[in-house]
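Here's the structure we're looking at; comments come further down.
Every number here is computed from the coordinates shown, using simple stated rules; none is lab data. Everything numeric in this text was worked out from a predicted model, so none of it was measured. Note: ideal-geometry Cβ built from the backbone for every residue, glycine included; neighbour counts use all protein chains shown.
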Amino acid sequence: MNGVHDMGGMHGFGKVAPEADEPVFHAPWEGRVLAMNRAMGSLGLWNIDIGRFSRETLPPDVYLGSSYYRKWTLGLENLVVRYGLVRPSSCRAARSSALRQRRRALRSATASA
Amino acid sequence: MQLRVRALESILTEKGYVDAKALDLIVDAYETKIGPHIGARIVAKAWTDPEFKRHLVADATAAVAPLGLTGRAFHLVAVENRPRRHNMVVCTLCSCYPWEVLGLPPVWYKSSPYRSRAVIDPRGVLADFGVTLPEETEIRVWDSTAETRFIVVPMRPAGTQDWSEERLATLVTRNAMIGTGLALTPGEIAVTAAT
């Protein structure tokens, strides 16, 4: 199957921009999502190709507009739903609950400032 | 993304698929234990031990196994630079990379500019890294797959004849093992140490 992930030889992406003294992870969530992918992969429900396929089949605009670890997050979300481990509604519920927690934290931080 | 990932972690933890402490260990391993220093040791050993180098170039997976380096779908190929042939590694399809010997890939390796251009304009990409090779040097670009990953054995710099394996390893940078750089020279190391 071809797709935007098959990038060899494409024009127009510009120069390569190496970063000096690059950290392993640029934010803590990147490490968490990498670790979750490793841990979930080790359950043996899917193999490395299925994992890759779940990222390559993200909508082309999402694929091109996402960082590496964002793709890993979206790919893992799709896999756990597809394999019936998590209901799509619980993903949404967990996200809104995390959002509520952050709002509360922000409010209390503002109140005490 | 922080929130979205935390949400995913809390569901998977609640359902017992992952354990926060196990995730901590994985993160720590990639931050502190698995990195390009492993590949640098392999290259330095190849520079000093011709028998090991022959084995490495013939069958890298088997050659590095005694160092405890094995892994899921781990098939490693070592490609050796020569005065007239430079090797460079890319993964045009995703970001396949020899994690076991180089750690996690840098952002530029996973970026669209590198993945798209390495195979069509390798000299232009090398210029982005400040590397210029003589016109007559052939450049071979190796496109990785999920099954086969590559490590470049850079050329040993001049003036290091009596160096120990350990000291030689300090010259072997991550980019030299991807092929977007060359091994440091003793002079460059002295400058780095002074700054």
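Key figures for this structure:
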| read-out | value |
| --- | --- |
| q = 0.15, 0.20, 0.23, 0.25 Å⁻¹, region B:137-195: log10 I(q)/I(0) [Debye, one scatterer per Cα] | -0.53, -0.82, -0.97, -1.07 |
| Cross-link partners of A:Lys15 among lysines (Cα-Cα below 26 Å; sequence separation of 8 or more within a chain) | A:Lys71, B:Lys110 |
| Computed over region A:28-87, Kirkwood Rh from alpha-carbon pairs, angstrom | 11.7 Å |
| Karplus-derived HN-Hα couplings along region B:122-137 (A = 6.51, B = -1.76, C = 1.60, θ = phi - 60°), whole Hz, x at Gly and Pro | x, 5, x, 5, 4, 4, 4, 9, x, 10, 10, 10, x, 3, 7, 6 |
| 24 Å Cα-Cα reach of B:Lys45 towards lysines, excluding residues that sit fewer than 8 places from it in its own chain | B:Lys33, B:Lys53 |
| Total charge dipole magnitude, the protein assembly as shown, about the Cα centre, Cβ charges on Lys, Arg, Asp, Glu only, Debye to nearest 20 | 1420 debye |
| Order of A:Val4, A:Val16 under a 10 Å beta carbon neighbour criterion, fewest first | A:Val4, A:Val16 |
| Descending semi-axes in whole angstrom, ellipsoid equivalent of the protein assembly as shown, from the Cα gyration tensor | 38, 21, 20 |
| Helical contribution to [θ] at 222 nm, DSSP H n ≥ 4, -39,500 (n - 2.57), averaged over chain A, rounded to 500 | -19500 deg cm²/dmol |
| Tilt relative to chain A, helix A:88-112 - C-alpha long axis, 0 to 90 degrees, to 10 | 50 degrees |
| Check: region A:28-87 dipole with +1 on Lys, Arg Cβ and -1 on Asp, Glu Cβ, in debye | 140 debye |
| B:Ala20/B:Ile189 FRET efficiency (R0 41 Å; Cβ-Cβ; nearest 0.05) | 0.50 |
| Per-residue Cβ neighbour rank within 10 angstrom, fewest leading, A:Arg92, B:Arg149 | A:Arg92, B:Arg149 |
| Interchain or long-range residues, amide H under 5 Å from B:Arg140's placed H | B:His86, B:Asn87, B:Met88 |
| About the Cα centre, charge dipole magnitude for chain B (Lys/Arg +1, Asp/Glu -1 at Cβ), debye | 260 debye |
| Separation of alpha-carbon centers, region B:168-188 and region B:1-79, rounded to whole Å | 20 Å |
| Intensity falloff of chain B expressed as log10 I(q)/I(0), Debye formula with alpha-carbon point scatterers, at q = 0.14 Å⁻¹ | -0.86 |
| Whole-Å distance, taken between Cα centres, linking region A:68-113 and region B:88-136 | 34 Å |
| Positive dipole terminus of chain A, leading residue within A:Val80, A:Gly3, A:Phe25 (C-beta point charges) | A:Val80 |
